[in-house]
Amino acid sequence: MKRKLLLLIFFLASFSLSFGQEGLLPFQDSAALIQELKLQEDIPSFTYRFFIPKANKNSKITSDSSFLWVETDTAFISKSFKNGTLIDSLYGQLQGNSASILFFVYEEKTNVEGLQSYLETMYATGDFVLAEDKEQPENDIMLLASSNNYQPLDAYKNRLLGDFKLLAVTLIILFFIFTAASMIIFMLIFKSQRNQREENIKNYENEIIGPLTNLLFEKDLDEISQMSDQEISEIFPRSLFKKRLFKQVLIERIIGLNKKMKGEFKDKLKTLYKRLGLVELTKANLKDSRWDKIASGLVQVNEMDLSELINEVKSYTNSKNFHVRSLAGATLLNLSEKVDLSFLKDQDYPLSDWQQMNYLRIIKFVGSSKFLNIPILFKSKNPSVREFAIKMVRMLGRVDLIAELHMINEASMEEEKIELIKTYDALGAHMEVEFINNCMLSNNPDLKKIAVKAAGNLGNSYSEVILMDILLQNIDFRLRRACLTSLNKLNTQTFEKFVATQPLPENKALKAQIQDPLLSNV
Amino acid sequence: MYNFLFYFLIELIGLFYLILSFSVIVIYFIIMILSALEMRDYRRKNRFADYEDIITSPIAPGVSILAPAYNEGSNIVQNVKSLLSLHYGKFEVIIINDGSKDDTLTKLLDAFELQKVSYAYNPEIITQEVKGVYKSQNKSYRRLTVIDKENGGKADALNAGINISQMEILACIDVDCILANDSLTRMVRPFMEETNRKVIAVGGAIGIANNCDVQDGTVTKYRVPQSTLGQFQVIEYCRAFLMGRMAWARINGLMLISGAFGFFRRDLVLKVGGYFPKTVGEDMELVVRMRRYMEEKKIPYKVSFIPDPLCWTEVPEDVDVLGRQRNRWMRGTIETLQLHRKIGLNPKFGILGTISYPFWSVFEKMAPIIEIFGLIYTLILLIIGDFSALYFVALLFMIYLLSLLVSSFSILYEQISYNNYKNKSDLKKLIWIILIEPLYIHPKVLLWGLKGHLDFIIGKGGWGQMIRTGFKTAEERKTIEAQAEKSL
């Protein structure tokens, strides 16, 4: 089948070749062809010779050295000539000797048809040019050019752009293949490493849990403290204990247990952590350049109460990295003997809500057992720290600090005033009603709204007057709702009277809402 | 002369496509790198986050969950119960019945012992008429509020919800979405973390729930959908959420937060006038308008993104429904870009104007047009005989490989980060889809996109003239409807 196909292709190719060659040269017959030859000085691979039968031997002619005759059985054959323009003159010298001309292509003898076919091929490839074309005057070159199909930028495109584009595409394809292969290799390596790591962690956990449980339940705190180095080193297999991953798993396991357990167990775990020399790993983490390693170290210090590393922790309280300085702050709050909060006071960076939430949790936890110096924060240069201090008073229910807060009422920024009013409201600080009344007159809409809300719980008769004044102004709906709610809380009769005398549709609608028991929290 | 011009033009177009192809490659590689960096940082940060604190902390912000419902009678009760059971301290659930024709409202009233209350509804953002507000007599459902209103579309329903919401953060979701129990704590975290910049919105990744096991409102077992279109969307969602949005979040260039699961700062939403109900791309439009407002006011801000799978939704597996969805997405994109064309290539709008907007204009909005024009260009080359088969095949192969690379990377990403699709057969199915997607599914997506363009041109949906004119400022949206009503 394949062979047949090849034959077919060959046939088609030769067919198209011969078809394509037909009639390219304008030679009507052999005389025209010879006429053309006489005009050509050099046709590649073409030569001609002269031939004289022996019967016509003429010693004068055959001895002419310009022909270099060679004798054969039947004739004399001249040397090869290339220059066609000499045909006539050479032939003239041989007149009367029945001389004829022989054509050779690639030194092979050929007839007129063969020569014509050869010239056709040469003409098609541009290697043979008709004599009349050669003789065109030079100034006709533009006409010649215009007779060709014009293809702008074609050569330019092929040489530069075409190759450049293909080269770029090829390079990208190679790059993609390389990247894809790298990605697959990476995926395989990553998966196998992760599987291996998970397998190791599982094995290590199995190795750890038994000895750790035994120690916690069979030995008391003093016994663990007094264990010799020899005994300590025999708790876990030495070959494993040298491995970093094993130590990491051990640390995670101890910290995990520490979070879940209470009382003496916590102390045992902390002692064990130190006796096993895991503190060195924590120290190394704290000195690492990667923020997540430092953060891990801080978590370890915090969970294991490693107060000997408190100075290292302090150096991170003003770290550029949010997570590091948050954890450092939390650790300091947890480990400091007295929570003087001075590190917070000196914070350069604003405190985020996330940090405040974490700090508040720890402060709530340690506040009952340690001295908590909140007022120091009221003097911080950092507004977010001052706001947090006010929030803490509210959230820790520190009624004893209301007097301290009162001192900062007027000097506070508007955001702080909002927190102050919320705090007074939450702690029921009726003595601050004047401050609240003043804030109700503020131009800051947020401060005004909070003051109006607080006035509902802490206000006096002057507050009622201010509320009604505000309600008579063209105010937004939410403020109107807050005013009417507060007025209703302060004095229901005044509220009813006001709505009756000011029967705006929104006042009526809000009255219905305020008095709807299902909407008491809205 | 004309001959010369024609061939010169052909050369120029060829050069344009070449530059475009290389730009696509470079951009996708940048996206891959940026998303990898962002994911690495996110996972590192997550190791030190204790989400339990947020649930009870008085410092954590309150969240108003807004869920519009239209003809959701079959599942509404189950969905609302699931929302009410989320683990968070301070939140309310506002269901907006957007003129449902089925028994959605009745079912809600019965199941949650709701009563119409005398709520003084104030349309801070203009909406269709609110027929009633309902609260429960049962204290277990004290967090629930139901609004019954005339039908006005999703954006209008959300605006009604915004008008009565009480909390600092708005969580705009689709009511049929399945939310993870800890979804609120995780989504709220970015709002609490930033100090120097205000976080104005947080987007979340959306998982595909088709064919997955769901128990107590949480996906317990992941499986890829059974249909080819469903599987294709798994890859597409991985590409969009794990790669695209993570990369944009890295450079603070996010322009889109999915309407099915997005968190916004309420005060800012009110300042810019809420959702724009006259566009089908209301989710994208709101984010762009909020960002534009912050840029105009020169307030430092950030739009964050959480890649954890916290929300799952059923995706359409029917070709017609999917086609309509994509058509809508395309129109939404065109309308949003049109409304905010003032910000395009405007350095005054920072990353939004100089990077995000041009990217969306060229690689999202114009992509179908450029692709179809590329096909026409190839045909012209064939006809005039200036066609290089070698070059064509090489370019085609290059783009095909790029598609494989990007899709494989997103799946690899999913495997490394979450490894939800644990089953090997699922992975094989996804790899098969990656191989056939450029040839089998992409042409469909292209046609849907073109249809979107066509529908936009003939004025299907949208608010014709307004969208063509665009907003002069971000705040213009607040007054535009009032003006329109007056003119009527």
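The values are calculated or read from the model by the stated rules, or taken from the named source; none is laboratory data. None of these values were measured; they are calculated from a predicted model. Quick reminder, even Gly has a Cβ in these numbers, built from the backbone with ideal geometry, and neighbours come from all protein chains shown. Surface areas here come from the heavy atoms of the whole protein model, side chains and all, with no ligands, DNA or RNA. Shrake-Rupley method; radii C 1.70, N 1.55, O 1.52, S 1.80 Å.
So if R0 is 60 Å, what FRET efficiency would A:LEU396 and A:GLU280 give, r being the distance between their Cβ atoms, rounded to the nearest 0.05?
Efficiency at R0 = 60 Å is approximately 0.95.
What residues does the stretch B:399-431 have that are buried by at least 20 Å² of accessible area in the full protein assembly compared to the chain on its own, 1.4 angstrom probe?
Residues shielded by partner chains are B:LEU401, B:LEU405, B:LEU412, B:GLN415, B:ILE416, B:ASN419.
If the reach is capped at under 16 angstrom between alpha carbons, list the lysines near B:LYS451, excluding any in the same chain fewer than eight residues apart.
B:LYS365, B:LYS460
I'd like to compare A:209-216, A:310-317: which one has the highest average count of other Cβ atoms within 10 Å, and what's the full order after that?
Going by the mean number of other Cβ atoms within 10 Å, highest first, we get A:310-317, A:209-216.
For the stretch A:210-277, which trypsin sites (Lys or Arg not before Pro) are in a loop by DSSP, counting at most 14 other Cβ atoms within 10 Å?
Passing both the DSSP loop test and the Cβ count: A:LYS242, A:LYS243, A:LYS262.
Helix-derived [θ] at 222 nm for chain B: sum -39500 (n - 2.57) over DSSP H runs of at least 4, divide by residue count, nearest 500?
-16000 deg cm²/dmol
What is the mean projected area of the alpha carbon convex hull for the stretch B:11-77, to one decimal in square nanometres?
Average projection, Cα convex hull of the stretch B:11-77: 10.6 nm².
Any idea of the total accessible area buried by the B-A contact, 1.4 Å probe, rounded to 100 Å²?
When B and A are taken together, about 5100 Å² of accessible area is lost.
Looking at the square roots a ≥ b ≥ c of the eigenvalues of the Cα gyration tensor of chain A, which shape do they give, rounded for a/c under 1.5, prolate if a/b is larger than b/c, or oblate?
Taking the square roots of the gyration eigenvalues as a ≥ b ≥ c, chain A is prolate.
Within 10 Å of each candidate Cβ there may be at most 12 other Cβ atoms; applying that plus a DSSP loop requirement, which chymotrypsin sites (Phe, Trp or Tyr not before Pro) in the stretch A:65-130 survive?
Taking the stretch A:65-130 and a limit of 12 other Cβ atoms within 10 Å, the loop chymotrypsin sites (Phe, Trp or Tyr not before Pro) found are A:TYR106.
In Å², and per residue, what accessible area does the stretch A:413-522 have when probed at 1.4 Å with the other protein chains present?
Here the per-residue accessible area is 47 Å².
Would you mind giving the average projected area, over all directions, of the Cα convex hull of the stretch A:413-522 in nm² with one decimal?
For the Cα atoms of the stretch A:413-522, the hull's average projected area reads 6.5 nm².
As an exercise, identify the GluC sites (Glu not before Pro) in the stretch A:409-481 lying in DSSP coil whose Cβ has no more than 14 other Cβ atoms within 10 Å.
A:GLU410
Express the relative contact order of chain B as a whole percentage, based on alpha carbon pairs under 8 Å and six or more residues apart in sequence.
It rounds to 17 percent for chain B.
Rounded, prolate or oblate: which fits the stretch A:216-301, taking a ≥ b ≥ c as square roots of the Cα gyration tensor eigenvalues, rounded meaning a/c under 1.5, else prolate when a/b beats b/c?
Because a/c hits 1.5 or more and a/b fails to exceed b/c, the stretch A:216-301 counts as oblate.
Give the angle, between 0 and 90 degrees and rounded to the nearest 10, that separates the Cα long axis of helix B:319-339 from the longest principal axis of the Cα atoms of chain B.
Compared with the principal axis, the helix lies near 90 degrees.
Starting from 0.36 nm per residue, how many nanometres of slack lie between B:ILE436 and B:ASN346 once their C-alpha separation is accounted for?
That works out to 28.5 nm of additional length.
Rounding to the nearest 10 and keeping the result within 0 to 90°, find how far the Cα-based axis of helix A:264-275 lies from the longest principal axis of chain A.
Taking Cα atoms only, the helix is inclined about 50 degrees.
Need the per-residue list for the stretch A:474-498: every residue with at least 20 Å² less accessible surface in the complex of protein chains than in the chain by itself, probe 1.4 Å, sorted by number.
Those are A:PHE477, A:ARG478, A:ARG481, which lose 20 Å² or more relative to the chain on its own.
Which ³J(HN,Hα) values, rounded to whole Hz and listed in residue order, are derived for the stretch B:20-26 from phi using the Karplus coefficients 6.51, -1.76 and 1.60 in 6.51 cos²θ - 1.76 cosθ + 1.60 with θ = phi - 60°, glycine and proline given as x?
Each residue of the stretch B:20-26 in turn: 4, 4, 5, 4, 4, 4, 4 Hz.
For chain B, take the alpha-carbon Rg, divide it by the Kirkwood Rh, and send me Rg/Rh.
Rg/Rh: 0.98.
Could you pull the Rg and Dmax for the protein assembly as shown, using just the Cα atoms, both in Å?
43.0, 158
For chain A, give the magnitude of the charge dipole about the Cα centre (Cβ charges: +1 Lys/Arg, -1 Asp/Glu; no others), in debye to the nearest 20.
Its charge dipole is roughly 2400 debye.
Taking 0.36 nm per residue of separation and subtracting the Cα-Cα distance, what length does fully extending A:LEU479 through A:PHE190 add?
98.2 nm
Over all Cα pairs of the stretch A:292-439, how is the pair count split among 10 Å bins, expressed in % and running from 0 up to the last occupied bin?
Each 10 Å bin holds this share of Cα pairs: 11, 41, 31, 13, 4, 0.
Could you pull out every one of the lysines with an alpha carbon less than 20 Å from that of B:LYS428, ignoring same-chain neighbours closer than 8 positions?
Within the straight-line cut-off, B:LYS428 pairs with A:LYS191, B:LYS221.
Compute the signed sum of charges (Lys and Arg +1, Asp and Glu -1) over the other residues within less than 15 Å, Cβ to Cβ, of A:SER289.
Overall, the nearby charge balance is +3.
What's the FRET efficiency of A:VAL112 with A:THR170 using the Cβ-Cβ distance as r and R₀ = 41 Å, to the nearest 0.05?
With R0 = 41 Å, the Cβ-Cβ based efficiency is 0.20.
Please list, in order, the residues from the stretch B:218-238 whose amide nitrogen is less than 19 Å from a point placed 7 Å along the Cα→Cβ vector of B:ASP102.
Backbone N within reach: none found.
Determine the share of chain B's accessible area contributed by carbon and sulfur atoms, expressed in whole percent, with a 1.4 angstrom probe.
58 percent
In whole percent, and with a 1.4 Å probe on the protein chains, what portion of the accessible area of the stretch A:237-299 is carbon and sulfur?
Carbon and sulfur atoms account for 52 percent of the accessible area of the stretch A:237-299.
From other protein chains only, count the Cβ atoms within 10 Å of every residue's Cβ in B:112-122, then give the mean.
Whole-number average of other-chain Cβ neighbours for B:112-122 is 5.
Can you tell me, using C-alpha contacts under 8 Å and at least 6 residues apart, the relative contact order of chain A as a whole percent?
Worked out over chain A, it gives 6 percent.
First measure r as the distance between the Cβ atoms of A:ASP73 and A:GLN95, then evaluate 1/(1 + (r/R0)^6) with R0 = 41 Å and state the FRET efficiency to the nearest 0.05.
0.95
Where does the Debye-calculated log10 I(q)/I(0) of the stretch A:15-135 sit at q = 0.11, 0.13, 0.17 Å⁻¹, using only Cα point scatterers of equal weight, no solvent?
After summing over all Cα pairs, the log10 values are -0.42, -0.56, -0.88.
In Å², and per residue, what accessible area does chain B have when probed at 1.4 Å with the other protein chains present?
For chain B, the per-residue accessible area is 41 Å².
Between helix B:183-193 and chain B, what is the angle of the helix's C-alpha long axis to the longest principal axis, kept within 0 to 90° and rounded to the nearest 10?
Once rounded, the angle reads 80 degrees.
Suppose we compare each residue of the stretch A:165-183 in its chain alone and in the full protein complex with a 1.4 Å probe; which ones drop by at least 10 Å² of accessible area?
Buried-area filter returns A:LYS165, A:LEU166, A:ALA168, A:VAL169, A:ILE172, A:ILE173, A:PHE175, A:PHE176, A:ILE177, A:THR179, A:ALA180, A:MET183.
Tell me, what % of the accessible area of the stretch A:413-522 is carbon and sulfur with a 1.4 angstrom probe?
Of all accessible area on the stretch A:413-522, carbon and sulfur atoms account for 50 percent.
Could you let me know the centre-to-centre spacing of the stretch B:195-214 and the stretch A:438-515, using Cα atoms, in angstrom?
40 Å
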